[in-house]
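K.L.:
I'd like to ask you about the structure that follows.
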Amino acid sequence: MDLALVVEHMEWADRRTAGSVRDLSAEVWEASLPSSYGSLAGTVEHLFATEWTWLERVSGRSPTTVGPAGGARDRARLMALWEPVWQGWREVAVGRPPAEVVPYRTSRGTPNQHTVFAACAREDPRLP
């Protein structure tokens, strides 16, 4: 379980995603798509919100909102918000044991727990 490698990959993938949407027109960025998040903007915002939420959880907080992006559709603002999240995950990668169990509450208030590694890798502990 190389947590640092997972964090490095997460940041690499996010930066690739950011690069691929950076120069899109506003029309394409906001265009309605038949997907779970309605548009490219919604999908990228969801990626950010997921990483922010899990970082909050492994940091001892259990957020009930989508975090600082809060519906941000401005790409530059969203990318700027991501920088401290990546930094936070890099700090987790060097300072926390991957097998450490982290208790948290879901956004609906239900108690749950994951290991630091599962939270970082978005690994579902219910799967075999």
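Every number in this text was worked out from the coordinates using simple rules, so none of it is lab data. Because the structure is predicted, anything quoted here is derived from the model rather than measured. Every residue, glycine as well, gets a Cβ built from its backbone with ideal geometry; the counts of neighbours run over all protein chains shown.
K.L.:
Report the label-to-label distance for ALA99 and ALA18 in nanometres (one decimal), using points 7 Å from each Cα along the Cα→Cβ vector.
P.N.:
Label-label distance for ALA99 and ALA18, simple model: 3.4 nm.
K.L.:
While we're looking at this one, here's another question. With point charges of +1 on the Cβ of Lys and Arg and -1 on the Cβ of Asp and Glu, referenced to the Cα centre of the chain, which listed residue (THR17, ALA99, PHE48) lies farthest in the positive direction of the dipole?
P.N.:
The residue sitting most towards the positive pole is ALA99.
K.L.:
How far is it, in nm, from the label point at ALA76 to the one at GLU8 when both lie 7 Å from their Cα along the line to the Cβ?
P.N.:
According to this spin-label approximation, the distance is 3.2 nm.
K.L.:
In nm, what is the difference between 0.36 nm times the number of residues separating ARG122 and THR50 and their Cα-Cα distance? The partial results should precede the final answer.
P.N.:
Details: separation 72, 0.36 × 72 = 25.92 nm, distance 0.91 nm.
Stretched fully, the ARG122-THR50 segment lengthens by 25.0 nm.
K.L.:
Most fluctuating residue of ALA26, ALA18, ALA93 in a GNM of the chain with Cα springs under 10 Å: which is it?
P.N.:
ALA26
K.L.:
Something else: Helix-only mean residue ellipticity at 222 nm, the chain, DSSP H runs n ≥ 4 weighted -39,500 (n - 2.57), per residue, nearest 500. What is it? Write down the numbers at each step before the final one.
P.N.:
Values: 5 runs with 70 residues, N = 128.
Helix contribution divided over all residues of the chain: -17500 deg cm²/dmol.
K.L.:
What is the magnitude of the charge dipole of segment 1-125 about its Cα centre, with +1 placed on the Cβ of each Lys and Arg, -1 on the Cβ of each Asp and Glu, and no other charges, expressed in debye to the nearest 20? Let's see the in-between values first.
P.N.:
Numbers: 13 positive and 16 negative charges, 60 e Å.
Its charge dipole is roughly 280 debye.
K.L.:
Give the peptides 102-111, 42-51 in descending order of average Cβ contacts within 10 Å, highest first. Walk me through the numbers on the way to the answer.
P.N.:
Values: 102-111: 11.7, 42-51: 19.1.
Output ranking for 102-111, 42-51: 42-51, 102-111.
K.L.:
Eigenvalues of the Cα gyration tensor times 5, then square-rooted: what semi-axes does that give for the chain, in whole angstrom, largest first?
P.N.:
Sorted largest first and rounded, they come to 26, 17, 13 Å.
K.L.:
Please order ASP74, ASP14, ASP23 by the number of other Cβ within 10 Å, starting at the fewest. If you can, show how the numbers build up before the last one.
P.N.:
Numbers: ASP74 12, ASP14 19, ASP23 9.
The fewest-first ordering by Cβ neighbours comes to ASP23, ASP74, ASP14.
K.L.:
Listed highest first by mean packing, meaning other Cβ atoms within 10 Å per residue, what order do 59-67, 30-38 come in?
P.N.:
Going by the mean number of other Cβ atoms within 10 Å, highest first, we get 59-67, 30-38.
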